[in-house]
Amino acid sequence: MKTSVYYFSGTGNSLNVAKHIAKGIENAKVVSIASLQNQKVVEDDSERLVIVTPTYYIKLPNIVRKFINKINLEKVDYIAVIATCGGGAGYVLNEAEELLNRKGKNLDAGFELDMVENSIVLKLSEDVIRERLNQEQGHVNEIIKVISNKEMRQVSSKSKTRHQMKSKVLEFVLKKLAGLDRKKCKKDICVHCGICEKVCPRSIVTIKDGYPVWNGECEDCMACIHWCPKQAISFGMIRVNKENVYHHPNVTMKEIIDQKQ
Ligand SMILES: Cc1cc2nc3c(=O)[nH]c(=O)nc-3n(C[C@H](O)[C@H](O)[C@H](O)COP(=O)(O)O)c2cc1C
Ligand code: SF4
Ligand code: SF4
């Protein structure tokens, strides 16, 4: 049986899980959702589909929502979604289930996976980070068993209205109050390397006169901020420094850059 493991990732958590799952399931391939963003329809001849996604504001990232809407699921007979998160995936799995139901499919198995929180604003302690990285392999091995046997893991039902309101508040707090919508480059420490432009999965960062400028629909993935080698990108009042940037230790910058291809 063919299996496709689709992922989107800014700091590597979801990519590492996707790689691990594909390794543990026979005849499975890893596919980047960002590489398909300009396609109108996504065709796939796999019978089993796995989607690994970060959680943004307790909902799906826009790029993942669009992907689910445009993938042709005719041949698929088993679908699993894994929401990586920093402590609470909220409505992500329910939202994925709703989108799949609209296409006449079920979410056969849904999983929330607590990993390292990458929004900077809600920084976890070093101990929690170490513990989560240590536990990841064991948790993913459990998920592989369920998916390999095509077992069902129902998602608990949740109030849509309550979660939509909570999501709007979280988005407002992070984007408008904390200032994620107001990214800026500290010109005195930027070394003009262009990494922020390369890692941006939506290609909305461009280097002009040596410094990054942002123009377009940001996915809020934080890749530009976390992968900058000098922590030269800050936002709002938030101080970005060596202590609060993160990327998964098993994922390279090249892998994040290549997810666009
Ligand atoms: C803008 C933003 C919003 C986030 N919102 C949530 C959230 O609502 N709940 C949560 O548990 N984690 C949240 N996170 C944490 C990420 O979902 C988590 O760190 C994820 O594993 C990152 O995946 P990646 O490394 O593949 O990009 C958020 C992160 C960002 C950048
Ligand atoms: S990654 Fe950082 S140092 Fe490199 S160009 Fe962008 S802002 Fe400047
Ligand atoms: S601008 Fe930064 S946060 Fe926005 S999509 Fe690009 S890399 Fe992600």
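The values are calculated or read from the model by the stated rules, or taken from the named source; none is laboratory data. If you're wondering where the values come from, they're calculated on a predicted model, not measured in any experiment. All Cβ positions, even for glycine, are placed from backbone atoms using ideal geometry, and neighbour counts span all protein chains on display.
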Please work out if CYS196 is in contact (Cβ under 8 Å) with a residue 24 or more places away in the chain, within 16 Å of ligand 2 (Cβ to nearest atom) and part of a helix (DSSP H, G or I).
-> yes
Out of all the residues in segment 27-60, which are of a type outside the set (A, V, I, L, M), touching a residue at least 40 places away in the same chain (Cβ under 8 Å), part of a loop (DSSP other than H, G, I, E, B) and more than 16 Å from ligand 3 (Cβ to nearest atom)?
-> ASP44, ASP45, SER46, GLU47
Complete set of residues in segment 170-191 that are surrounded by fewer than 14 Cβ atoms within 10 Å (Cβ to Cβ) and more than 16 Å from ligand 1 (Cβ to nearest atom) = LYS187, ASP188, ILE189, VAL191
Output the residue which, of all residues in segment 209-261 that are within 13 Å of ligand 3 (Cβ to nearest atom) and aromatic (Phe, Trp, Tyr), is nearest to ASP188 (Cα to Cα).
-> PHE235
Of all residues in segment 7-26 being in a helix (DSSP H, G or I) and among the β-branched types (Val, Ile, Thr), the one that is surrounded by the fewest Cβ atoms within 10 Å (Cβ to Cβ) | ILE21
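Residue by residue, here is whether (1) surrounded by fewer than 18 Cβ atoms within 10 Å (Cβ to Cβ); (2) within 16 Å of ligand 2 (Cβ to nearest atom); (3) not in a loop (DSSP other than H, G, I, E, B) holds:
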| position | (1), (2), (3) |
| --- | --- |
| ASN94 | no, no, yes |
| LYS105 | no, no, no |
| VAL121 | yes, no, no |
| ARG130 | yes, no, yes |
| GLY138 | yes, no, yes |
| ASN141 | yes, no, yes |
| LYS168 | yes, no, yes |
Hits in segment 61-87 - residues which are within 23 Å of LEU170 (Cα to Cα) and assigned to a strand (DSSP E or B) | VAL81, ILE82, ALA83, THR84, CYS85
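Looking at this structure, is GLY216 among the small types (Gly, Ala, Ser), away from ligand 1 (no atom under 16 Å from the Cβ) and under 23 Å from the mean Cα position of the chain (by Cα)?
Considered against the rule, which asks whether it is among the small types (Gly, Ala, Ser), away from ligand 1 (no atom under 16 Å from the Cβ) and under 23 Å from the mean Cα position of the chain (by Cα), GLY216 comes out as yes.
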Could you tell me which residue of segment 155-201 is nearest to LYS59 (Cα to Cα), considering only residues that are touching a helix residue (DSSP H, G or I) at 6+ places or on another chain (Cβ under 6 Å) and at pLDDT 95 or above?
-> PRO201
Quick one: in segment 151-166, of everything that is touching a residue at least 12 places away in the same chain (Cβ under 8 Å) and surrounded by fewer than 16 Cβ atoms within 10 Å (Cβ to Cβ), which residue is nearest to ligand 3 (Cβ to nearest atom)?
-> GLN164
